[in-house]
Amino acid sequence: MLWLKAFHIIAVINWFAGLFYLPRLFVYHADARDAIGIERFEIMERRLFTIMTIGAVAGLGLGAAMLVAAPGYLSMHWLQVKLALVLLVVLYHLVCYTLMRRFARKRNTHSARWFRGFNEIPALLLIAIRVRPGTAAVVGLIMGIVADALEPHAFGAGALGMSIVGFGAP
């Protein structure tokens with residue numbers, strides 16, 4: 001079981017490294033104007049996405065293997081919340097794929113500033129997943145994301161702030 005956990009952690013680190021860096025490439029890609037630079041970003045994004053997808057598949061597969069080895073954990077509320085948050089990470093991964101494909105088709109509609117905000121989401125999800133969140137923290141994260149959607153100029157601040165308040169709640 002410890003080997004599964006060790007390789008799971010390594011795979012998840014690989015996955016999140018890609019989730020942190022790919023949106024940063026999108027920031028630079030959105031600002032690029034020359035054909036050579038644009039082509040370079042498309043190649044970098046495609047290669048990074050492939051590597052992070054391998055990490056995602058390995059991380060999810062090894063996580064599932066740990067649950068098969070110890071199914072009793074599935075009855076614990078904190079793990080159920082954590083798995084729901086992992087589904088959000090998978091959704092974020094798929095959104096990254098969609099954005100990458102839009103860039104490749106020359107159909108990006110987002111600014112570099114928007115991508116800077118988008119880049120904060122995996123950090124918030126990682127914090128929420130890594131800590132055993134209480135209900136208040138999850139509600140705070142969701143409320144913060146909604147608040148951020150209403151005020152895009154401060155994207156990420158509400159989710160982070162409300163999650164921190166939620167983690168401190170009894």
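Residue pairs whose Cβ atoms lie under 7 Å apart, sitting 6 or more positions apart in sequence or on different chains, and linking a residue in the range 112-127 that is within 13 Å of VAL89 (Cα to Cα) to a partner that is at pLDDT below 90 and open to solvent by 20 Å² or more (accessible area, probe 1.4 Å), are GLU120/PHE155; LEU124/LEU160.
From LEU83, LEU94, grab the single residue that is over 23 Å from ASN119 (Cβ atoms), within 17 Å of the chain's Cα centre (by Cα) and assigned to a helix (DSSP H, G or I). One residue alone meets the criteria, LEU83.
Conditions (1) touching a residue at least 12 places away in the same chain (Cβ under 8 Å); (2) in contact with a strand residue (DSSP E or B) (Cβ under 8 Å, 6 or more places away or on another chain); (3) open to solvent by less than 30 Å² (accessible area, probe 1.4 Å), marked per residue:
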| position | (1), (2), (3) |
| --- | --- |
| VAL27 | yes, no, yes |
| GLY37 | no, no, yes |
| ILE43 | no, no, no |
| ILE51 | yes, no, no |
| GLY55 | yes, no, yes |
| ALA65 | yes, no, no |
| PRO71 | no, no, no |
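Test ARG132 against the stated conditions and say whether it is at pLDDT 95 or above and not in a helix (DSSP H, G or I). When the stated conditions are applied, ARG132 does not pass them. Being under 24 Å from ASN14 (Cα atoms), open to solvent by 40 Å² or more (accessible area, probe 1.4 Å) and of a type in the set (Lys, Arg) holds for only one residue in ARG113, ARG47, and it is ARG47.
Here is a list: TRP78, TRP15. Which entry is over 24 Å from THR109 (Cβ atoms), in contact (Cβ under 8 Å) with a residue 24 or more places away in the chain and over 18 Å from the mean Cα position of the chain (by Cα)? Step through it out loud before you land on a result.
On the way: TRP15 fails: over 18 Å from the mean Cα position of the chain (by Cα).
After applying the criteria, what remains is TRP78.
The values are calculated or read from the model by the stated rules, or taken from the named source; none is laboratory data. Just so it is clear, the model here is predicted, and its values are computed rather than measured. Counting neighbours? That spans all protein chains shown, and the Cβs are built from the backbone with ideal geometry, glycine included. Note: areas computed on protein heavy atoms with side chains; ligands, DNA, RNA excluded. Shrake-Rupley method; radii C 1.70, N 1.55, O 1.52, S 1.80 Å.
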